[in-house]
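Written below as structure tokens is the structure these notes are about.
The values are calculated or read from the model by the stated rules, or taken from the named source; none is laboratory data. Model, not experiment: these values are computed from the prediction. Here the Cβ positions follow ideal geometry from the backbone for every residue, glycine too, while neighbour counts run over all protein chains shown.
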Amino acid sequence: MKKHMKLLLSLVFIVIPFAISVIYFDVLNRQVPQTFYLKTAAGDIKAGSPIAPGRDVWFGTDADGYHIFFEALAGLRITLLFVIGIALFCFLLALIAGAWLSFKKGIFDFVTDAVLTSYYFIPQAIIAYILLEPVVVETLDGFVYSRTTRVIYTTVVLALVLLPTTLIVIRDEIRQLLKRDFIDSAFVLGAGKIRLLWHHVLPNIKSRLLIIFTRLVYQSIMVMAHISFLAIFFGGTDVCFGPGCPSPPTKPAVRELSSLLGYHMRELYSSWWTFVVPLCFVVMLLLAFQLLSEALENSEENR
């Protein structure tokens, strides 16, 4: 029952908010509501944006008047699609490379182990920052690359950043299965490596691969959140140049959840709700994928 409860909760936290976001903003074509100021019954202005949470605006607005709850809800669907895309691309690369490396032994195996395991000790966000900053941050002359190029580049870079550690895990999972007696029997009967992987290995580790994928989505969310604190926003960092710019003079070109988190971090002590509301959405997604991973792992152990 506990296992099913975790699975149910994870799906509720993922599917329902995503469905609401898609229906509201894409199907019904609604926009994020804006409220620049509140008036009293006499018509006097009693509050201007950013408006604190209250009876008039339950979750408050940001400095541009956008209702922060709806802004976070709109960003959720974008974030979820991108992190699943990043995780899927990384997973497929890791599966192909991990399957190939699982048959390699000797000095080659020693060298790849030494190189790949070093990534366990290197902060992934720092690597991502170094690779992304020259491409996604706006220059004085504007963005060098189009939004589509920036999104694709960011997706590829984040997938490659997560690749080494994922590759090791998948390689080790395959190697564990290659030690089984029925694999030796398949070799004796003449099965080639590709047939062996497709017909004997993958069917027996598919549940483990699904667990790895859910953890990879979790990691993708974490890395995107981390680089947002360094003002590297998914889809591009819009930079204001010249006098009258805010401090810091950066804002996200695509307002997805992790970018909202990094963007509103500077307002934590003045307009705390603009940071806390996106944070709650990010925590909800992290909790959902953690519960999903645990539910799948419990199911695997009870087999």
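Within the stretch 280-303, the residues that satisfy the criterion of being assigned to a helix (DSSP H, G or I), over 16 Å from Val83 (Cα atoms) and not hydroxyl-bearing (Ser, Thr, Tyr) are Cys280, Leu291, Glu294, Ala295, Leu296, Glu297, Asn298, Glu300, Glu301. If you go through the stretch 252-302 and keep only what is in contact (Cβ under 8 Å) with a residue 40 or more places away in the chain and among the basic types (Lys, Arg), you end up with just Arg255.
Each residue in the stretch 10-54 was checked for being loosely packed, with under 12 Cβ neighbours inside 10 Å and more than 33 Å from the chain's Cα centre (by Cα), and 7 pass. Taking the listed residues Ser102, Ser49, the one that is touching a residue at least 12 places away in the same chain (Cβ under 8 Å), among the polar types (S, T, N, Q) and in contact with a strand residue (DSSP E or B) (Cβ under 9 Å, 6 or more places away or on another chain) is Ser49, with no other qualifying. Among the conditions (1) modelled with pLDDT of 85 or more; (2) in contact with a Pro (Cβ under 9 Å, 6 or more places away or on another chain), Val115 misses just one, which is (1).
Being at pLDDT below 80, surrounded by 13 or more Cβ atoms within 10 Å (Cβ to Cβ), among the hydrophobic types (A, V, I, L, M, F, W, C) and in a loop (DSSP other than H, G, I, E, B) holds for only one residue in Ala191, Ala186, and it is Ala191.
Each row is one residue, and each column tells you yes or no for (1) among the polar types (S, T, N, Q); (2) within 22 Å of Ala225 (Cβ to Cβ); (3) within 16 Å of the chain's Cα centre (by Cα).
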site	(1), (2), (3)
Leu73	no, yes, yes
Thr79	yes, yes, yes
Leu92	no, no, no
Phe110	no, no, no
Ala128	no, yes, yes
Phe143	no, no, no
Arg171	no, no, no
Ile174	no, no, no
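Going by the conditions given, is Ala52 of a type outside the set (S, T, N, Q), more than 20 Å from Lys251 (Cβ to Cβ) and not in a helix (DSSP H, G or I)? When the stated conditions are applied, Ala52 passes them. Restricting attention to the stretch 128-138, the residues being touching a residue at least 12 places away in the same chain (Cβ under 8 Å) and out of contact with any helix residue (DSSP H, G or I) (no Cβ under 8 Å at 6 or more places or on another chain) number 3.
Scanning the stretch 229-255 for residues that are surrounded by fewer than 19 Cβ atoms within 10 Å (Cβ to Cβ), over 13 Å from Val137 (Cα atoms) and in contact with a Gly (Cβ under 8 Å, 6 or more places away or on another chain) gives a single hit, Phe229.
For Ser10, state whether it is under 21 Å from Ile211 (Cβ atoms) and assigned to a helix (DSSP H, G or I).
Spelling it out, Ser10 is indeed under 21 Å from Ile211 (Cβ atoms) and assigned to a helix (DSSP H, G or I).
Criterion applied to Leu101, Leu73 was being surrounded by 20 or more Cβ atoms within 10 Å (Cβ to Cβ) and more than 21 Å from Leu162 (Cβ to Cβ), and the one residue passing it is Leu73. When the criteria are applied in full, Leu93 fails the requirement of being out of contact with any Lys or Arg (no Cβ under 6 Å at 6 or more places or on another chain), without any contact (Cβ under 8 Å) to a residue 12 or more places away in the chain, among the hydrophobic types (A, V, I, L, M, F, W, C) and in a helix (DSSP H, G or I).
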